[in-house]
Amino acid sequence: MNADKFVRSLYTSVDNKDIDGLASKLAESVRFKFSNYDAVIGIEDVLQANTDFFSSVKSMRHTLDGTWQQGDTLICNGQVHYVRLDDTEFSVEFATILNVINEKISNYLIYADVSGL
């Protein structure tokens, strides 16, 4: 698997708020932890958590600074640029750790301080 290509494809789906595209990358029993929110387990709950978050912002755009792979673990970092529902902007650095088995994400951890949203 090409780690950079996989991560860019993931964030293209996220930036486009493409739930179907995101779903195609997730394992059925995926565990998802975003920022200070509680972790959720299972593809349906993960997709609902993402749908809820997507509806809380007008748009977002991720830029990647780096992507690394160690076995089944992919790590990336960069910046995410949000446009709030009131059209104001907010940017923050993020880091993501993904455990990927058979090209499906089984553990999806996002570290970012989105309290400013």
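Miscellaneous remarks
- Peptide packing for 13-19, 110-116 was compared via the average number of neighbouring C-beta atoms within 10 Å per residue; ordered from the highest value, the list is 13-19, 110-116.
- For the chain, the longest principal axis of the alpha carbon atoms and the long axis of helix 43-54 meet at an angle near 30°.
- Greater than 18 Å apart at Cα, pairs in Lys5/Lys33; Lys33/Lys58; Lys5/Lys104: Lys5/Lys33; Lys33/Lys58
- When only the Cβ of Lys, Arg, Asp and Glu is charged (+1, +1, -1, -1), the dipole of the chain relative to its Cα centre reaches about 200 debye.
- Coil-residue GluC sites (Glu not before Pro) of the range 14-117, DSSP, other Cβ within 10 Å capped at 12: Glu103
- Taking 7 Å steps out from each Cα toward its Cβ at Ser9 and Lys104 produces label points 1.5 nm apart.
- Degrees between helix 3-15 axis and first principal axis of the chain (Cα, 0 to 90, nearest 10): 40 degrees
- Where (i) 16.4; (ii) 14.3; (iii) 14.7 are the candidate values, the label of the one calculated here for Kirkwood radius over Cα pairs in Å is (ii).
Just so you know, all these numbers are worked out from the coordinates, no wet-lab data involved. Owing to the predicted nature of the structure, the values given are computational and were not obtained by experimental measurement. Please note: Cβ atoms are built from the backbone with ideal geometry, for glycine as well, and neighbour counts cover all protein chains shown.
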